Amino acid sequence: MVEIQDAPQGMLLTKFAVENVVGQENASAAIAAAIKKLFSSQNIEGKEVFTALTGLSVSIRRIRIPEIPDSEIRGAIKWEAKNYLPFPVDNIHIDYSILGKVKENNVNKLDVLAVAAPQEEINKITGTVESAGIKIAGLTIAPFAMWDLLKICAKPVENEVTAVIDIGSEAASINLFKNNILQFTREISVAGEGLTKCLTGTIVADNFQLNLNRDQAEAIKIKYGIPAETSVEKTGEGIPLSQIRAAMKPTLRRLTNEIQRSFDYYKEQFLEEKIGKIYLSGGSSRLLNLDTFITESFGIPAEVINPLQNLKLSPEVAAQENELNHLAPRLLLALGLAVGRTQSLNLIRVPAKKKVKLAAGEAIHALDLSKISWPKIDLSAFKTGIKIKNFTKFLETPSSIWILAAALVVSLTLGGFGYNYYLHRKADYYRQVLNDKKTFLADLKSLLARRQVIQQISEQETKVKETLGKIASIVPTGITLDSLEYKNNTREALISGSCESMQKAGEIVKAVESSPYFSGVKLKEIKKITEAGKIRAAFTLSFHVD
């Protein structure tokens, strides 16, 4: 929670606080109790807050629709939303932001960013907050709030594409902006907790094995961050930092792959050549060397956002500077909500789009509820398929009938001219929609084909991970594994590695033979090698995964 006031010297941060809500069976009641505690402990008199709706239940889509009257835009977007939303459109709430006007196939269109969320989810969050005796003044989505703050604390370069990567514990979001417009947003499941998990369990070093629990792994991650590949230092437990880097590598590769995939998609869709700057935010953004790692991975300058830059601090807040700096990454979304006040997009706003002017000295309160583990929405009522019967009949109506109908109406009232024009505009819109659906179907077939390939790859990766885990659990100390090959169709595996002696190589053969998971063990090759002036044994072993 944060409180900001509009003072003569600028935006003034007057209060901040964080209350953790974890492991509660009744999430809504626990959240309401936490909000009451925050407002009571901070002596907050205001009863209105701004907050954000996040997660997979929120659908964000950039679409283009024909120029139509403002009163019809919401309905047109809702009709278009039927084709991509994973829940029934009858129970959704839609808001939108008009990004500008474009010309497509010699037709003037509106470039619109549409946001849709199930009414059930909106009611859940508003009901929870209101049960704490607080009213929600505005409900937006996280990317808009982040950008509102970034415009103040970082001042993005005009005409340059800026990426904001918000990395939390369980998920991360990739957001691309240009000239104050949200161009692209995507949520991924690779985040801080994934790096902790990859350090949890057995760490195999040169001369020993160490089992780390979750708390030990988290402490190592926080202290050492992402070590350099060439590091020769060791942790207090004696683990080489290069080994920590190696254990993190698969998760880091997944993170960079997801980011690169998002960048590539954006460049292809919007014909952009490059991303100019990357800003990192969220609790996991302060991971040591993460900004350096991102910069080196993409060749793009990356830095952690300082959400307090260019914000003034009240004397009371300035006295808590150490705590404030520690909590700053977690306050970013709340700060963005307070300075932006959901004016760009508001999911609980009435259709009239009126800007709110902040009165001098007025206190603005914002709550970040995005890290709460809300009960998951039931998506069992998915709607699939494309229903076009309702308007194909309309399109098939002969134009002569339209002319006769218009003439008849004209004979009755001059208002018929306006209605006839309206019908033509509607027909043009539906024709364009029909063409879009054809493209959509072609894309859908392509995506289904890709999905089958991805499922095959995913199944193979799962087998490799399972095999690697089983091997790691039985590898004797003093043995280093260099590679693992797995053939999905025959379930044959091949491992290579080295150890201090021929006798030691025999130990891993016996260990694999005695495992209930493997059979058909064969020592394909064993030879002496020299590493760092020492004689060691290199081996290659094949076996069948049962």
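Every number here is computed from the coordinates shown, using simple stated rules; none is lab data. From a predicted model like this one, the values you see are computed outputs, not experimental measurements. We place every Cβ from the backbone using ideal geometry, glycine too, and count neighbours over all the protein chains shown.
Pop the C-beta distance of ASP111 and ASN91 into the FRET formula with R0 = 25 Å and round what comes out to the nearest 0.05.
Numbers: r = 27 Å, r/R0 = 1.08.
E between ASP111 and ASN91, to the nearest 0.05, is 0.40.
Please give the contour-minus-distance gain from SER473 to LYS528: 0.36 nm per residue of separation, less the Cα-Cα distance, rounded to one decimal in nm.
Values: separation 55, 0.36 × 55 = 19.80 nm, distance 2.56 nm.
Length gained between SER473 and LYS528: 17.2 nm.
How long is the gain from GLU229 to ALA449 if the chain were fully straight, where each residue apart is worth 0.36 nm and the alpha carbon distance is subtracted?
75.4 nm
Kirkwood Rh, segment 155-304, all Cα pairs: how many Å?
After inverting the pairwise mean of 1/r, the radius is 16.3 Å.
Could you please rank TYR265, TYR486, TYR279, TYR517, placing first whichever residue has the fewest other Cβ atoms within 10 Å of its Cβ?
TYR265, TYR517, TYR486, TYR279
Which of TRP147, TRP79 comes first, and how do the rest follow, when ranked by fewest Cβ neighbours within 10 Å?
Working: TRP147 20, TRP79 16.
If I rank by nearby Cβ atoms, fewest first, I get TRP79, TRP147.
Expected output is a single nm value to one decimal: the length gained when fully extending between ASN289 and THR490, i.e. 0.36 nm times separation in residues minus the C-alpha distance. What is it?
68.2 nm
Given just the C-alpha atoms of segment 475-545, how large is their convex hull per residue in cubic angstrom?
Spread over its residues, the Cα hull of segment 475-545 gives 75 Å³ apiece.
Take VAL49, VAL58, VAL232 and order them by how many other Cβ atoms sit within 10 Å, fewest up front.
Going from sparsest to densest Cβ surroundings: VAL232, VAL58, VAL49.
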